1. Can you compute the helix-only [θ] at 222 nm over the chain? Use -39500 (n - 2.57) per DSSP H run of at least 4 residues, normalise by all residues, nearest 500 deg cm²/dmol.
2. I want to check the label-to-label distance for residue 9 and residue 48. Put each point 7 Å from Cα in the C-beta direction and report it in nm to one decimal.
3. Extending each Cα 7 Å along its Cβ direction at residue 1 and residue 27, get the distance between those two points in nm, one decimal.
4. Mind checking the alpha-carbon convex hull of region 2-66 and giving the volume per residue in Å³?
Amino acid sequence: MEFLFNGRDIAFEAGQSVTAALVRAGERDSGVFCGIGVCFGCLVVIGDKPVRGCVTQAEPGQVISRAV
Ligand code: FES
């Protein structure tokens, strides 16, 4: 399964969070602090909605971008 992040296909496994998939793909090497939805360091935008990637389950076909 894959989602799109800043124009790049990112593979993930069922049940994996958006942030976990991004870290595994080398797209996140900083800004992920708590991993439990408290710090907002993992903020991304899915569609037009900002979300915390560490507590958002990855879904096939999501279009995700880095939060500014
Ligand atoms: S890493 Fe802290 S809210 Fe996601």
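Each value in this text was obtained by applying a stated rule to the coordinates, not by laboratory testing. Everything numeric in this text was worked out from a predicted model, so none of it was measured. Here the Cβ is made from the backbone with ideal geometry for all residues, glycine too, and neighbour counts use every protein chain on show.
1. Values: 1 runs with 7 residues, N = 68.
Rounded to the nearest 500, it is -2500 deg cm²/dmol.
2. Spacing of the two 7 Å Cα→Cβ label points: 2.8 nm.
3. 1.5 nm
4. Numbers: hull volume 4.5 nm³, N = 65.
Value for region 2-66: 69 Å³ per residue.
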